[in-house]
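Working notes, beginning with the structure itself.
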Amino acid sequence: MRSSTLTWASSLCLLSALTSLTSPVLAVKEHDFKKCDQSGFCKRNRAYADSAAATGSSWTSPYNILPESASIKDGQFQAVILKTINDKGETVRLPITVSFTQAGVARVTVDEERRQNKDIELRHNSAARKERYNEAEKLVIVGGLELDKTAKAVGEDSTSSTTVQYGPDGQFEAYIQYSPFSVEFKRDGATEIKFNDRGLLNMEHWRPKVDAPEPKEGEEAVSPPAEEATWWEETFGGNTDTKPRGPESIGLDISFVGYNHVFGIPSHAGPLSLKETRGGDGNYNEPYRMYNLDVFEYILDSPMTLYGSIPFMQAHRQDSTVGVFWLNAAETWVDITKQKIKGNPLALGAGATTNTNTHWISESGLLDVFVFLGPTTQDILQKYGELTGYTALPQESAIGYHQCRWNYVSDDDVKDVDRKMDKYGIPYDVIWLDIEYTNEKKYFTWDADKFSDPSGMGERLDEHGRKLVVIIDPHIKNAPDYDVVSQLKSKDFGVKNKDGGIFDGWCWPGSSHWIDAFNPKAVDWWKSLFKYDAFKGTAENTFIWNDMNEPSVFNGPETTMPKDNLHHGGWEHRDVHNLNGMTFHNATHLALLSRKTGELRRPFVLTRAFFAGSQRLGAMWTGDNQASWDHLAASIPMLLSQGIAGFPFSGADVGGFFGNPDKELQTRWFQAGAFYPFFRGHAHIDSRRREPYLAGEPYTTIITSALRLRYSLLPAYYTAFHRAHVAGEPIIKPLFYTHPNAEAGFAIDDQFFVGNTGLLVKPVLEEGKDTADMFIPDHEVYYDYFDYSVVPTQAGKRTNMPAPLDTIPLLMRGGHIFPRRDQPRRSSQLMKYDDYTLVVTLPREGGHAEGSLYVDDGDSFDYEKGQYIHQAFVLDGNTITSSSAELERDASKVKAGAWLSAMADVHVDKIVVVGAPSEWAGQTEVSVTSGGKTWTAPIDYTPASGGRAAFAVIRHVGTAVGSDWEVTVV
Ligand SMILES: *[C@@H]1O[C@H](CO)[C@@H](O)[C@H](O)[C@H]1NC(C)=O
């Protein structure tokens with residue numbers, strides 16, 4: 001949900017401000033958010049880059065490794081970098097570690113040596129911790145750090161550089177040059193990534209604050225040099241940031257050699273392929289910013305920051321992807337420029353015509369960068385996932401449709417919506433309550449007049465397997481009669497202000513305090529608040545939405561907390577800002593896991609703010625978008641970016657949060673949303689009611705069929721989520737991921753593949769359109785999903801397809817097999833024991849197709865104990881087989897629990913073979929073999945006609961979905 005940048009004087013004022021929010025012309029108040037030159041450290045680092053560029057080849061980076069300090073042992077290179085800080089040659093010592101992991105990831109960490117210098121100590125005139133923030137690893141990294149002890153220095157002994165060979169088969173090399181310091185990362189001998197090649201490494205070292213001398217009689221005071229003006233204090237929008245530690249920023253240039261596309265670093269409302277940021281035609285003038293903020297009515301095609309940040313970037317060229325993960329939770333900016341390669345680019349590999357140069361700038365903390373050398377996007381995502389964790393396997397209902405609005409006003413209202421969805425045959429799984437369900441914005445309470453019987457409401461929803469999500473935010477109302485805030489205060493679990501008192505700010509409830517979820521004791525306390533006997537009215541089908549956790553503070557700088565606020569351990573908010581939302585999300589996630597002893601259900605928690613690692617905890621959405629066509633269009637690249645940044649469980653508010661979509665827009669949005677990994681309709685309090693049944697005909701019917709399409713594809717989506725859970729795969733995949741050598745597709749971000757199904761979707765994103773130009777990345781055959789027509793395509797070209805309002809441009813690529821459940825029902829839970837349909841698409845040549853199904857109870861953690869079905873399907877010529885998708889797994893050894901036992905009666909009922917070979921014509925029966933038995937099943941073959949492919953339907957296959965079987969057609 002939303003917020004505003006207004007400073008609320010009272011909640012009355014808040015109400016009137018909200019109701020005046022009906023203007024159709026909505027635009028972010030850009031001046032409420034910093035530009036680079038309004039953020040002291042960004043401005044200084046950009047100026048540093050400019051002076052380096054202006055100096056040209058005579059620019060020398062003042063960072064040099066002290067040769068005698070360098071050593072390599074057990075997978076780690078260690079040394080001290082000396083930074084020369086003045087003309088007198090004085091230096092500061094910056095310890096550097098380059099670690100090489102068993103997975104072949106390199107990690108460069110640079111710290112600043114703590115000095116026992118009285119001047120340095122003196123300037124810390126606050127409670128702030130006197131270290132560079134070094135705990136991001138503790139919260140973000142969950143594995144993958146085991147060192148590759150075989151990584152070794154190669155080449156001649158040298159006092160000027162070290163070359164380390166590492167990675168699988170010693171395929172990778174890090175060439176560490178001492179003077180000036182730089183690193184080149186190579187794969188198979190070719191340089192892919194360079195650090196400090198342009199000499200922009202900048203670690204603003206700690207220094208004593210020197211007060212300007214008192215001016216003598218009759219003399220003017222000397223003001224400090226302009227670049228020092230923001231060292232010790234900085235003011236923006238009337239808020240002053242006292243900076244007890246002074247300047248501490250880090251900057252580094254990272255160059256991708258021969259790469260012309262970079263992707264990632266969400267969340268930004270812009271294209272998937274990131275733009276250049278230093279001006280020029282069609283480029284941005286500002287760096288991409290990552291500083292989690294509640295950006296009210298955000299604008300599109302912009303490098304402005306949004307609600308969450310993942311500082312993970314990939315560079316791509318034909319058949320090669322490399323990446324970097326910048327582990328820093330402070331405010332971060334990234335400049336991107338591209339440079340045509342002079343000379344013979346072919347030496348760098350096919351398609352290498354351009355270098356992409358990036359410049360990373362963070363306000364404080366360690367310099368800590370992970371380097372991935374690919375060569376595939378998937379390989380990088382897998383390794384990034386080993387480090388930061390994979391997507392939690394969601395409950396199946398969490399990937400169904402969610403019906404939300406600000407607000408369903410009473411329990412009767414909720415029941416009424418529930419009833420009407422059923423009446424119109426519209427499936428949905430979860431209904432949501434925004435802040436108005438509470439008693440005066442006091443979380444963990446209910447408005448007793450409007451929600452007099454929350455338990456009854458929950459039970460009613462449960463009758464059709466449905467769930468309730470209620471919002472719980474991190475701001476705790478500062479009210480005298482509110483037990484939660486009394487506890488927060490007495491236990492000292494609140495975030496502190498710079499003076500060490502409890503921080504007080506404004507949010508929905510008015511004056512509020514914020515839980516400090518960096519404090520493990522505060523997390524324990526938070527968990528206690530969600531127990532069923534503490535949060536009365538909630539039940540096992542109640543789940544949680546964490547909003548405003550950037551955190552949003554209406555009267556704070558840029559609508560967030562002052563940077564000099566203090567968190568657990570004495571760290572400044574500045575150091576941990578981008579982690580803040582994740583720690584709160586984490587606390588809520590853990591709370592749902594401990595509502596009662598032996599909690600059996602998986603939690604579901606939606607978050608607005610996020611960081612690298614948040615994928616372990618739940619879903620995200622893209623925040624407060626608008627009911628406009630361009631916001632619908634923007635949602636696709638935003639979600640694709642999330643997917644390739646390791647956090648694929650993502651969605652955008654269907655219909656648009658602010659404003660009122662017309663019926664065409666609403667319909668098209670449902671058609672697009674039906675493919676979002678997280679699929680939720682949501683609306684602002686001032687917008688008109690827009691539950692799908694209100695749209696009227698033909699819209700309600702069209703929306704309903706989009707929803708039913710999603711529900712029939714839930715087995716395919718759930719299988720894709722499993723791939724995200726075990727391997728970090730995106731749920732919806734951009735073309736550069738699926739077709740890494742199809743250059744013309746790299747920047748395409750308005751269409752995508754779903755998991756490994758071969759389903760290619762291009763939602764209609766423009767008003768009044770009744771055709772779609774779908775880009776076809778390869779020579780494979782593509783069938784229309786709905787009528788099996790063979791779409792006339794040309795590899796690397798666009799194909800124009802009809803797309804009237806009732807049609808979603810959706811193709812099936814030849815060579816795939818995907819599962820469906822075709823019986824429409826009210827909710828996913830009611831489909832749990834329905835039979836399956838397999839759709840097989842024949843490729844252009846070779847008669848081979850593949851796919852898989854992963855299914856478990858969709859609810860508990862029993863899958864961790866082997867209670868799941870995971871089958872691989874293969875069509876080879878005239879035979880279709882199902883066998884275990886995991887070679888090492890013997891499913892027959894798993895003692896079946898209740899769910900798995902029940903699945904013995906769930907069948908693959910139907911197999912549809914699109915593009916069926918003509919030899920199958922005239923067949924009326926196929927033979928089915930499973931568990932040592934053989935029987936026959938009927939097959940109907942329909943020959944090709946007009947543009948439609950031949951297809952065959954095998955019915956009553958009768959094999960248990962979890963069993964191995966073989967179907968032979970002829
Ligand atoms: C989540 O909370 C637990 C318990 O306090 C803590 O150990 C863990 O580091 C936290 N993780 C994050 C991401 O905040």
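The values are calculated or read from the model by the stated rules, or taken from the named source; none is laboratory data. This one's a predicted model, so the numbers in the text were calculated from it and none came from an experiment. Here Cβ is always computed from backbone atoms with ideal geometry, including for glycine, and neighbour counts include all displayed protein chains. Heads up: the accessible areas ignore ligands, DNA and RNA and are worked out on the full protein's heavy atoms, side chains in. Shrake-Rupley method; radii C 1.70, N 1.55, O 1.52, S 1.80 Å.
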Expressed in nanometres to one decimal, the distance between label points 7 Å along Cα→Cβ at Asp686 and Thr353 is 4.8
Applying 1/(1 + (r/R0)^6) with R0 = 41 Å to the Cβ-Cβ distance of Thr60 and Asp524, what FRET efficiency is obtained, to the nearest 0.05?
-> 0.20
Highest first, please rank the peptides 860-867, 640-647, 847-854, 624-631 by the mean number of other Cβ atoms sitting within 10 Å of their residues.
-> 640-647, 624-631, 847-854, 860-867
Env charge @ Lys194, Cβ radius under 9 Å, K,R +1 / D,E -1, value -3
Quick one: which of 447-456, 422-431 comes out on top by average Cβ neighbours within 10 Å, and what's the full order, highest first?
-> 422-431, 447-456
Solvent-accessible area per residue for the chain (1.4 angstrom probe, square angstrom) | 35
Accessible area, probe 1.4 Å, largest first, for residues Arg616, Arg710 | Arg616, Arg710
Ordered by residue, what ³J(HN,Hα) values in Hz, to whole numbers, does the stretch 556-566 give under the Karplus form 6.51 cos²θ - 1.76 cosθ + 1.60, where θ = phi - 60° and Gly and Pro are x?
-> x, x, 6, 6, 9, 6, x, 5, 8, 4, 10
In sequence order, what are the phi-derived ³J(HN,Hα) couplings for the stretch 539-550 according to the Karplus relation 6.51 cos²θ - 1.76 cosθ + 1.60 with θ = phi - 60°, rounded to whole Hz, with x for glycine and proline?
-> 9, 5, 9, 9, 10, 10, 10, 9, 10, 6, 9, 5
Under-5 Å amide H pairs with Ile476, H placed in peptide plane, nonlocal only = His513, Trp514, Ile515
To the nearest 0.05, how large is the calculated FRET efficiency for Arg93 and Arg955 if R₀ is 56 Å and r is the Cβ-Cβ distance?
-> 0.15
Per the helix-only calculation at 222 nm, which mean residue ellipticity applies to the chain, given -39500 (n - 2.57) for every DSSP H run of n ≥ 4 and division by its residues, nearest 500 deg cm²/dmol?
-> -5500 deg cm²/dmol
Heavy-atom accessible area order for His316, His464, largest first, 1.4 Å probe | His464, His316
What FRET efficiency, computed as 1/(1 + (r/R0)^6) with R0 = 56 Å and r the Cβ-Cβ distance, is obtained for Ala944 and Ile299, rounded to the nearest 0.05?
-> 0.70
Tell me, what ³J(HN,Hα) does each residue in the stretch 375-383 have, in order and in whole Hz, if you take phi through Karplus 6.51 cos²θ - 1.76 cosθ + 1.60 with θ = phi - 60° and put x for Gly and Pro?
-> x, 10, 4, 5, 4, 5, 5, 4, 6
Taking the convex hull of the alpha carbon atoms in the stretch 396-730, what volume per residue do you get, in Å³?
-> 132
Roughly what would the spin-label model give for Glu68 and Val210, points 7 Å off Cα along C-beta, in nm?
-> 3.0
Accessible area of the chain belonging to carbon and sulfur atoms, whole % at 1.4 Å probe = 49
Under 14 Å from the Cβ of Leu145, count the other residues' Cβ atoms, weight Lys and Arg +1, Asp and Glu -1, and hand me the total.
-> -2
Based on the alpha carbon coordinates of the chain, what radius of gyration and maximum Cα-Cα distance (Dmax) apply, in Å?
-> 28.9, 109
Kindly report, to the nearest 10 Å², the accessible surface of Arg826 as traced by a 1.4 Å probe over protein heavy atoms only.
-> 100
If amide H atoms are modeled at 1.01 Å from N in the peptide plane, then the residues at a separation of 5 or more from Glu276, or on another chain, having amide H under 5 Å from its own are Tyr284
Shape of the stretch 736-968 from its Cα gyration tensor (a ≥ b ≥ c, root eigenvalues): rounded if a/c is under 1.5, otherwise prolate when a/b > b/c, or oblate?
-> prolate
Quick one: of Lys73/Lys138; Lys43/Lys130; Lys275/Lys762; Lys467/Lys521, which pairs are farther than 26 Å apart, Cα to Cα?
-> Lys467/Lys521
Most to least accessible of Asp379, Asp964 (protein chains only, probe 1.4 Å) | Asp964, Asp379
Cα centre as origin, Lys/Arg/Asp/Glu Cβ charges: the chain dipole, Debye | 580
What's the lysine pair count for the stretch 800-922 at a Cα cut-off below 21 Å, pairs eight or more apart or interchain?
-> 5
Using a 1.4 Å probe on heavy atoms of the protein chains only, the accessible area for Trp231 in Å², nearest 10, reads 30
SASA check, Lys491, accessible area w/ 1.4 Å probe, all protein chains in place, rounded to nearest 10 Å², comes out at 90
